[in-house]
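*Asks:* The following block contains the structure, expressed as structure tokens.
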Amino acid sequence: MKLWNDGEGTYEFPPYCYTAREAIEFWSKVEISDRTLNHFISGYAMLLNEHKSYLRSEWELKNPQPRRDVEGWKARRDAAIKEGMSSWPRLDAPMVRPVLRIMQMRLSSRTMPPDERQRLFDTLVSLPGYPRPATIERVYASYRGHLLIPYMVDPEFYDLPEIPQRP
């Protein structure tokens, strides 16, 4: 007896996706809570700030502050940080939901055979505010999806009390 329907699921309890088409159909339509979206964009902002702090520390370590021309030193430091941050794409409010959907599509590829996984990775998607479509794999990589996995959940959903152990 089969006790599930293919494609049946929710954001927190998704189905297994065995084809690119299944993943795209499910993740492009599933409801995502505002708490999950807020957690995701907050996580991205935190990663941006951490990277910016890292760039600042590294630059200052290699370029100690001089006694003279402190303003020039600060300008060079700020330019180096700006350059280092240029590879991180924007994540404005209208983009959060589609980017999170793309991240989840990419993660669901774990249950796919290699040819379907590659088909999913190569699928072109459009994002609001971007002039050209990009592949799912490119979007996942440019937003550092592997670092965002902990922020792709509703934090309150997983904030459950500990289950007591049996004696």
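The values are calculated or read from the model by the stated rules, or taken from the named source; none is laboratory data. Remember, predicted model here, so these are calculated numbers, not experimental data. Here Cβ is always computed from backbone atoms with ideal geometry, including for glycine, and neighbour counts include all displayed protein chains. Heads up: the accessible areas ignore ligands, DNA and RNA and are worked out on the full protein's heavy atoms, side chains in. Shrake-Rupley method; radii C 1.70, N 1.55, O 1.52, S 1.80 Å.
*Asks:* Set the Förster distance to 25 Å, then compute FRET efficiency between LEU61 and TYR130 from the Cβ-Cβ distance, nearest 0.05.
*Replies:* Here the calculated transfer efficiency is 0.10.
*Asks:* Compute log10 of I(q)/I(0) for the stretch 33-128 with the Debye formula, placing one identical point scatterer on every Cα and leaving out solvent, at q = 0.13 Å⁻¹, to two decimals.
*Replies:* -0.67
*Asks:* Next question, about the same structure. Grab the Cα-Cα distance for LEU47 and GLU156, subtract it from 0.36 nm times how many residues apart they are, and report the gain in nm with one decimal.
*Replies:* In short, 37.2 nm is gained.
*Asks:* When the chain is fully extended, how far beyond the present Cα-Cα distance does GLU12 get from VAL70, taking 0.36 nm per residue of separation?
*Replies:* Taking GLU12 through VAL70 to full extension adds about 15.8 nm, to one decimal.
*Asks:* Give me the distance between the Cα centres of the stretch 39-55 and the stretch 74-152, rounded to whole Å.
*Replies:* 14 Å
*Asks:* Moving to a separate point now. Within the stretch 1-143, what whole-number % of the accessible surface is contributed by carbon and sulfur, with the 1.4 Å probe and all protein chains included in the calculation?
*Replies:* Carbon and sulfur together cover 54 percent of it.
*Asks:* Taking only protein heavy atoms and a 1.4 Å probe, what accessible area per residue, in Å², does the stretch 1-136 have with all protein chains in place?
*Replies:* Value returned for the stretch 1-136: 66 Å² of accessible area per residue.
*Asks:* To continue, here is another question. Among [x] 1.27; [y] 1.34; [z] 1.22, find the value of Cα Rg over 2.2 N^0.38 Å that was calculated from the structure presented, and write down its label.
*Replies:* Answer label, from the structure shown: [y].
*Asks:* Please give me the summed charge of the neighbours of MET103: other residues whose Cβ is under 12 Å from its Cβ, Lys and Arg +1, Asp and Glu -1.
*Replies:* Counting the neighbours of MET103, the net charge comes to +3.
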